[in-house]
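The values are calculated or read from the model by the stated rules, or taken from the named source; none is laboratory data. Because the structure is predicted, anything quoted here is derived from the model rather than measured. Glycine gets a Cβ as well: all are built from the backbone with ideal geometry, and neighbour counts include every protein chain shown. Each accessible area value is taken on the protein alone, full model and side chains, heavy atoms only, with ligands, DNA and RNA left out. Shrake-Rupley method; radii C 1.70, N 1.55, O 1.52, S 1.80 Å.
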Amino acid sequence: KNQLNRTVQMRRQTGSAIKPFIYAKATSLHLIHAASLIDDTPYVVGSGSKVWAPENINGGFEGPMPARDALAKSRNIPAIRVGRLIGRDGVTELFSEFFFQSENALNERFRYDETVAIGTISLSPLEMARAFSVFANNGFLNDPILITRVEGHEKVMDLRKTHADQLGLTAAAKERLLSAAETALMVSLLKSSGKNSG
């Protein structure tokens, strides 16, 4: 009854769904590889009333572990450490490339702090689906388009755009975000994550 289009208008914190992008950026910058040991031990920033001591979902820590296992198990502390390794500029560039293609959107919706590595940024389902498609599309970020018509037995689909940006997403500044090798690595890491989750 309401006119809320959940695909494009409903934004929620991404939580752990953001972690593959953190790892993808770190691998593309050659900061880590699948076997790099990432520390899953207590992480504390600040002091007194301004202390931040994030935890893993089970409250425990597992010590140093390969990046593959850290992502597969969706460990928070390793993701934060990988985000810190990338740094403010690298994480900002990641969000600019995968999610906020216009400078206005980046300035309005992105604020850097270490919590972004564990999903405190709010995104729409369409924004997440578009970004995840990079892993399935050999590293290329494409603009989603609406199929306006499918006709007859010849299977001709009319993909004409009615305007430049049908879904309110700005075109990517660069089409390819990951190399073929980086994409293959991320697909492998995501398969490990899928197996771990059952």
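Shape class for the stretch 1-58, computed from the alpha carbon gyration tensor (a ≥ b ≥ c): oblate, with a/c not under 1.5 and a/b at or below b/c. In this structure the amide hydrogen of ILE38, modeled in the peptide plane, comes within under 5 Å of the amide hydrogens of MET65, ALA67, none closer than 5 places in sequence on its chain.
What the pair-distance distribution of the chain shows, using all Cα-Cα distances binned every 5 Å from zero, is 1, 7, 14, 18, 19, 14, 11, 7, 4, 2, 1, 1, 0, 0 percent. The local environment of PHE135, defined by Cβ-Cβ distances under 12 Å, has a net charge of +1 under the rule Lys, Arg +1 and Asp, Glu -1. Over the chain, dividing the summed -39,500 (n - 2.57) contributions of all DSSP H runs of at least 4 residues by the number of residues returns a 222 nm mean residue ellipticity of -12500 deg cm²/dmol.
The string of couplings for the stretch 49-56 from the Karplus curve (6.51, -1.76, 1.60, θ = phi - 60°) is 6, 9, 7, 10, 10, x, 10, 7 Hz, one whole number per residue in order, with x for Gly and Pro.
Each residue of the stretch 59-70 is assigned a 3J(HN,Hα), and the resulting list reads x, x, 10, 10, x, x, 8, x, 3, 4, 5, 4 Hz, derived from the Karplus form 6.51 cos²θ - 1.76 cosθ + 1.60 (θ = phi - 60°), x at Gly and Pro. What is the stretch 29-110 by shape, rounded, prolate or oblate, if you read a ≥ b ≥ c off the alpha carbon gyration tensor as root eigenvalues and call it rounded for a/c under 1.5, prolate for a/b larger than b/c, and oblate otherwise? Taking the square roots of the gyration eigenvalues as a ≥ b ≥ c, the stretch 29-110 is oblate.
Assuming R0 = 22 Å, what is the FRET efficiency of LYS1 and SER122, from their Cβ-Cβ distance, to the nearest 0.05? Mind dumping the intermediate values first?
Working: r = 24 Å, r/R0 = 1.11.
Efficiency computed from Cβ-Cβ geometry: 0.35.
Short-range pairs are left out: with C-alpha atoms under 8 Å and at least six residues apart, the relative contact order of the chain is 27 percent. For the cross-link pairs LYS50/LYS73; LYS25/LYS73; LYS19/LYS50; LYS73/LYS191; LYS19/LYS195, the ones whose C-alpha atoms lie over 21 Å apart are LYS50/LYS73; LYS19/LYS50. Against the criterion of solvent-accessible heavy-atom surface with a 1.4 angstrom probe, LYS174, LYS1, LYS155, LYS191 sort, most first, into LYS1, LYS155, LYS191, LYS174.
Between PRO64, HIS30, ILE145, whose Cα lies farthest towards the positive end of the dipole of the chain when Lys and Arg beta carbons carry +1 and Asp and Glu beta carbons carry -1, centred on the Cα centre? After comparing all options, I get ILE145.
Per-residue 3J(HN,Hα) values for the stretch 130-139, derived from phi via the Karplus relation 6.51 cos²θ - 1.76 cosθ + 1.60 with θ = phi - 60°, read 4, 5, 5, 5, 4, 5, 8, 10, 6, x Hz in sequence order (x marks Gly and Pro).
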